[in-house]
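Only one structure is covered here, and it is reproduced in the block below.
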Amino acid sequence: MSTITILAIESSCDDTSASVIQNAKILSNCIASQSIHKEYGGVVPEVASRAHQANIVPVVDAALKKAGVDKKDLSAIAFTRGPGLLGSLLVGVSFAKGLALSLDIPMIEVNHIQAHVLAHFIDAPQPQLPFLCLTVSGGHTQIVKVHDHLEMEILGTTIDDAAGEAFDKTGKLLGLDYPAGPIIDKLAKEGNVVFEFTEPSVANLDFSFSGLKTNILQFVQKHRRKNPDFVEENLKDICASVQDRIVSILMNKLIKASKQTGIKEVAIAGGVSANSGLRQALATIGKERGWNTYIPEFEYCTDNAAMIAMTAYFKYQKGDFVGHDIAPLARYKF
Ligand code: KG4
Ligand code: ZN
């Protein structure tokens with residue numbers, strides 16, 4: 001078999017990442033995170049695209065160096081086409097076009113959400129097809145049925161906020177930095193579930209988090225009227241209680257999806273799958289229900305180019321290449 005070596009670039013949001021894959025094996029996964037957004041309490045698109053421009057060359061160089069691969073040995077260049085911030089995506093797409101043109105090699109476009117799911121094929125153990133995947137990130141919350149590597153069916157999706165947004169917006173209400181997900185996770189470990197937040201009733205396998213956001217806002221306002229230091233004094237318990245509710249909303253739908261499809265191969269993916277409460281709940285519930293459960297390695301949960309490289313590897317084998325007229329897509333359904 002000839003050697004397939006692909007350089008992949010991810011620039012859909014606030015992390016610039018590059019990865020090299022060789023014959024299904026990830027050789028490097030370099031990430032430059034943009035801490036500047038903390039000052040604004042969220043990702044500022046224009047600031048993000050400028051930071052991508054500054055980061056992309058050093059990150060690609062680092063990925064090639066770590067992999068021990070020379071540019072001239074690349075078989076293809078892959079990039080995230082969407083969904084994401086248009087200006088950010090544009091940096092990755094333009095860079096990929098330039099490099100592909102100069103090296104005269106093909107380009108592969110990748111759907112970011114599909115790539116989060118395919119992060120499960122980077123390392124063993126890998127789920128058996130078909131499997132269910134709960135993809136939870138800052139922009140998306142979906143349950144997909146994965147029929148084949150590149151054939152996925154969306155069974156349920158959020159009708160408003162994403163699970164990551166629920167964490168980040170809660171953090172904003174509580175005065176925490178952005179992104180608040182990992183901070184809430186850490187604080188929750190030292191707190192107890194003592195406050196009750198609402199579980200929305202949404203039909204089918206769809207999700208909703210905007211009601212929870214309002215519920216938390218009203219809860220904070222009500223208690224602050226009586227005690228201005230209420231949040232500071234109860235921060236850990238509030239975090240534990242909010243996290244517990246977000247996790248139960250996600251897990252209840254996943255249980256429903258498994259019952260409906262009869263599938264017991266169950267995976268989670270995306271930035272929120274780094275959450276220790278969700279990981280624990282999946283392990284416990286999975287054991288009770290006889291599921292085989294899968295969680296990607298921590299570095300492949302949040303945004304990374306290794307998952308883009310993995311997806312590109314499957315596409316390369318099918319000869320699924322794109323021309324130089326390709327444009328990024330802010331919204332991109334698969
Ligand atoms: O997949 P990702 O890195 O980027 C998107 O595609 O959106 O996900 C980022 C999201 C953010 O909302 C962040 O707060 C959340 O993942 N996140 C977490 C944790 N780590 C990251 N949420 C809860 N607990 C965590 N440990
Ligand atoms: Zn993501």
(Q) Starting from 0.36 nm per residue, how many nanometres of slack lie between GLU39 and ALA54 once their C-alpha separation is accounted for? (A) 3.5 nm
Q: Mind giving me the FRET efficiency for ILE159 and ARG225? R0 is 22 Å, r the Cβ-Cβ distance, nearest 0.05 is fine.
A: 0.10
Q | DSSP-defined beta bridges in the range 128-295 - what % are antiparallel, rounded to 5 | A | 60
(Q) If you average the C-alpha positions of the range 289-328 and of the range 84-104 separately, how far apart do those two centres end up, in angstrom? (A) 17
Q. Applying 1/(1 + (r/R0)^6) with R0 = 41 Å to the Cβ-Cβ distance of LYS25 and ASP177, what FRET efficiency is obtained, to the nearest 0.05?
A. 0.70
Q. Mind checking the angle between helix 230-261 and the chain's longest principal axis? C-alpha axes, 0 to 90 degrees, to the nearest 10.
A. 60
(Q) Suppose all protein chains stay in the model; what accessible area per residue would a 1.4 Å probe give for the chain, in Å²? (A) 44
Q: Over the chain, calculate the relative contact order: mean separation of alpha carbon pairs under 8 Å at least 6 apart, over the residue count, as a percent.
A: 25
(Q) Using a 1.4 Å probe on the protein heavy atoms, what percent of the accessible area of the chain belongs to carbon and sulfur? (A) 50
**Q.** Whichever aspartates and glutamates have a C-alpha closer than 20 Å to that of LYS333, once near sequence neighbours (fewer than 8 apart) are set aside
**A.** GLU10, GLU109, ASP148, GLU151, GLU153, ASP160, ASP161, GLU165, ASP206, ASP303, ASP320, ASP325
Q) Quick one: which of LYS38/LYS318; LYS72/LYS318; LYS213/LYS259; LYS172/LYS226; LYS222/LYS256 span more than 30 angstrom between C-alpha atoms? A) LYS38/LYS318; LYS222/LYS256
Q. Hey, in the GNM for the chain with a 10 angstrom Cα cutoff, which one of ASN234, ASN29, ASN292 fluctuates hardest?
A. ASN234
Q | Inter-centroid distance (Cα atoms) of the range 1-57 relative to the range 172-201, Å | A | 28
Q | Rounded tilt (10° steps) of 45-67 against the dominant C-alpha axis of the chain | A | 60
Q. For the chain, the longest stretch holding no trypsin sites (Lys or Arg not before Pro) located in a DSSP loop with at most 10 other Cβ atoms within 10 Å is which?
A. 1-317
Q: For ALA78, list long-range residues whose amide hydrogen, built 1.01 Å from N in the peptide plane, is under 5 Å from its own amide hydrogen.
A: LEU7, ALA8, ILE9, ILE108
Q: Would you mind telling me the antiparallel percentage of the DSSP bridges in the chain, rounded to 5?
A: 60
Q) Which of the peptides 113-121, 295-303 is most tightly packed, and how do the rest follow, going by the mean number of other Cβ atoms within 10 Å of each residue? A) 113-121, 295-303
Q. Which shape class applies to the range 94-138: rounded if a/c is under 1.5, otherwise prolate when a/b exceeds b/c and oblate if not, where a ≥ b ≥ c are the square roots of the Cα gyration tensor eigenvalues?
A. prolate
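The values are calculated or read from the model by the stated rules, or taken from the named source; none is laboratory data. Computed from a prediction, not measured in an experiment: that's the story for all the values here. Counting neighbours? That spans all protein chains shown, and the Cβs are built from the backbone with ideal geometry, glycine included. Heavy atoms of the whole protein, side chains included, go into the accessibility calculation; ligands, DNA and RNA do not. Shrake-Rupley method; radii C 1.70, N 1.55, O 1.52, S 1.80 Å.
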